[in-house]
There are 2 protein chains.
Amino acid sequence: MTGRLAIVGLGPGAASMRTPQAEAALADATDLVGYGPYLDRVAAEPDQRKHASDNREELGRARHALLLAASGRRVAVVSSGDAGVFAMASAVFEAVEAGEPGWRDLEITVVPGISAMFATAARLGAPLGADFCAISLSDNLKPWETVLRRLRAVAEAGFVIALYNPLSAARPWQLGAAFDLLREILAPATPVVFATAVSRPEERVAITTLARAEPSAADMRTLVLIGSAATRTIERHGAPPLVYSRRSVPA
Amino acid sequence: MTGRLAIVGLGPGAASMRTPQAEAALADATDLVGYGPYLDRVAAEPDQRKHASDNREELGRARHALLLAASGRRVAVVSSGDAGVFAMASAVFEAVEAGEPGWRDLEITVVPGISAMFATAARLGAPLGADFCAISLSDNLKPWETVLRRLRAVAEAGFVIALYNPLSAARPWQLGAAFDLLREILAPATPVVFATAVSRPEERVAITTLARAEPSAADMRTLVLIGSAATRTIERHGAPPLVYSRRSVPA
């Protein structure tokens, strides 16, 4: 079996944020597998085959990629950001564990990428400069009660919070419910950031406070950052404010 | 004032994991500022000046970089991994906030990098594929009670945990105390990973369980990953096991 599979993080969008390792893995592939809009970011050669699928079919896409690799193809599964952060890598390994025993012998590599979370943080300053966490707000894969319990735990303990998958057409109410919970715990002036498509032409970044945060500022592609008591905003003349989190916690 | 300052994440070490954006920021600089071993990773041109400093002098180094930029130099402050994750970006913004008002008008950019956490996760599989957090175990900047409270909160709530700065010569006992706490909460079979210098020639990665985890497997440069109930290990023939976290939480 000479096929192999690379799970590749494309980074947030800009070519300047894609690593040489990712470019090499893409160039080596005979088959590119992924969600259509992510595949569109890859300039394929004429002899490379693209296999686009819907965003919600992660496990089916993973199995398809494994079947291609098992048949001898060199497959690159592409994800936006980092492939291991609420992206395709976990789905592939779930499929490996549940699938054909021979899939475990395939050469499978994961190529990390600049995550949306860190690209957003860099655009703002350093909001993730203290203890932080990342939570997917989707309840497609876990009970909503688990999401709320986790949010409460990290807000009470003082973590900066990055929210992935904040809402969708099928679940428009979840981000508002999350803000309601967080307002019980965190100060009204806590910085909140909505960041969409960072580093791409359609980039939108908005800085507000927890008191003023409106779920309508987000769509399914938005990353929402919620500060902690350590998160500060530095106002500037003629430039957006800087947002960063202090490294220290007072005794 | 024409000086400017870029805070650059070099990635974990391998050149293939450094972004073109980071390379461009380094090439543009007249002055490179950072911890000596990180500066050694940058091949400077003869007309670029390197300013190396000790690892613990982050705030002094930040002020030095800001003074250079304010004097008209083009400065790159380098960090390993991502500059915004327990690295130099927060220190620079702390110095900006506390420093000369003119520093706020400097052009300051942050260039994200592949973090040690995501490079390690990619090497293993996808251990950070579910809700996760990152905690610095150092009590140089926060009370040890805060560290313990945060660890307890995230372990009880089911997060995968990445521990930065797990121990040092001055505080050799902290990682053991953290494991003791986590053993009260998590199953003995919970996967634990020690990863040092990922992607560099001296890379060391060890996979064990919480029951067997020994603090002596870590040094100050080690990233320690602790799984959750969602974290699984897939054994393979003739290859290291894969470690990944399932995306779903049973209801």
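We did not get these values from a lab; they are worked out from the coordinates using the rules stated. The model shown is predicted, which means the values in this text are computed figures rather than measured ones. Methodologically, a virtual Cβ is constructed for each residue, glycine included, from the backbone with ideal geometry; neighbour enumeration extends over all protein chains shown.
Over the C-alpha trace of the range A:81-134, radius of gyration and Dmax come out as 15.3, 46 angstrom.
If you sort the three axes of the alpha carbon gyration tensor as a ≥ b ≥ c, you get a/c of 1.5 or more for the range A:113-168 and a/b no higher than b/c, which makes it oblate.
Remark on A:Thr190: its backbone amide H falls under 5 Å from those of A:Leu210, A:Ala211, a criterion applied only to residues 5 or more positions apart or on other chains, H modelled at 1.01 Å from N. Each Cα pair under 8 Å and six or more residues apart adds its sequence gap; the mean of these over the residue count of the range B:192-240 is a relative contact order of 39 percent.
Each of B:Gly102, B:Ala119, B:Ala91 was placed along the dipole of the range B:89-160 (beta-carbon charges, centred on the mean Cα), and the one lying farthest toward the positive end is B:Ala119. Distance from the alpha carbon centroid of the range A:175-250 to that of the range B:55-134 works out to 19 angstrom.
Here the Karplus relation 6.51 cos²θ - 1.76 cosθ + 1.60, evaluated at θ = phi - 60°, turns the backbone of the range B:34-43 into coupling constants of x, 5, x, x, 6, 4, 4, 7, 9, 7 Hz, with x for every Gly and Pro.
3J(HN,Hα) along the range B:166-174: x, 6, 7, 4, 7, 9, x, 9, 5 Hz, from the Karplus curve 6.51 cos²θ - 1.76 cosθ + 1.60 with θ = phi - 60°, whole Hz, x for Gly and Pro.
What shape does the range A:1-158 have by the C-alpha gyration tensor, where a ≥ b ≥ c are the square roots of the eigenvalues, rounded means a/c under 1.5, and otherwise prolate means a/b greater than b/c and oblate the rest? Taking the square roots of the gyration eigenvalues as a ≥ b ≥ c, the range A:1-158 is oblate.
For chain B, take the longest principal axis of its alpha carbons; what is the angle in degrees between that and the long axis of helix B:88-98, to the nearest 10 within 0 to 90? That helix lies at roughly 50 degrees to the long axis.
The P(r) of the range B:200-244 has a tail past 12 Å containing 70 percent of all C-alpha pairs. Listed values for the range A:179-185 are Karplus-derived 3J(HN,Hα) couplings in whole Hz (6.51 cos²θ - 1.76 cosθ + 1.60, θ = phi - 60°), namely 4, 4, 4, 5, 5, 6, 10, and x replaces Gly and Pro. A Förster radius of 56 Å combined with the Cβ-Cβ distance from A:Ala15 to B:Asp180 puts the calculated FRET efficiency at roughly 0.75.
Loop-located GluC sites (Glu not before Pro) in the range A:186-251 (DSSP state other than H, G, I, E, B) with a sparse environment of at most 13 neighbouring Cβ atoms within 10 Å: A:Glu202. Based on every Cα atom in the protein assembly as shown, Rg and the maximum pairwise Cα distance Dmax equal 21.5, 63 Å. A cut-off of 5 Å between modelled amide H atoms, ignoring neighbours fewer than 5 places along the same chain, links B:Lys50 with B:Leu32.
Which of A:Asp82, A:Asp31, A:Asp139 ends up with the largest GNM mean-square fluctuation for chain A, with Cα atoms connected below 10 Å? Of A:Asp82, A:Asp31, A:Asp139, the Gaussian network model singles out A:Asp139 as fluctuating most.
Put a label point 7 Å from Cα along the Cβ direction on B:Asp105, then list its distances to the equivalent points in the other copies in nm, shortest first. Spelled out, the distances from B:Asp105's label point are 6.9 nm.
For the range A:149-251, the alpha-carbon radius of gyration amounts to 1.08 times the rule-of-thumb value 2.2 N^0.38 Å expected for a compact globular protein.
Dipole magnitude of the range A:193-251 about its Cα centre, charges +1 at Lys/Arg Cβ and -1 at Asp/Glu Cβ only, in debye to the nearest 20? Write down the numbers at each step before the final one.
Values: 8 positive and 5 negative charges, 54 e Å.
Roughly 260 debye for the range A:193-251.
Per-residue ellipticity at 222 nm, computed for chain A from helices alone with -39500 (n - 2.57) per DSSP H run of at least four residues, works out to -8500 deg cm²/dmol. Near A:Arg232, the amide H atoms lying under 5 Å from its own belong to A:Tyr244, A:Ser245, A:Arg246; only residues 5 or more places off or on other chains count, and H is placed 1.01 Å from N.
Give, rounded to the nearest 20 debye, the magnitude of the charge dipole that the range A:123-177 has about its Cα centre when Lys and Arg contribute +1 at Cβ and Asp and Glu contribute -1 at Cβ. Walk me through the numbers before you get to the answer.
Details: 6 positive and 4 negative charges, 20 e Å.
That gives the range A:123-177 a dipole magnitude of about 100 debye.
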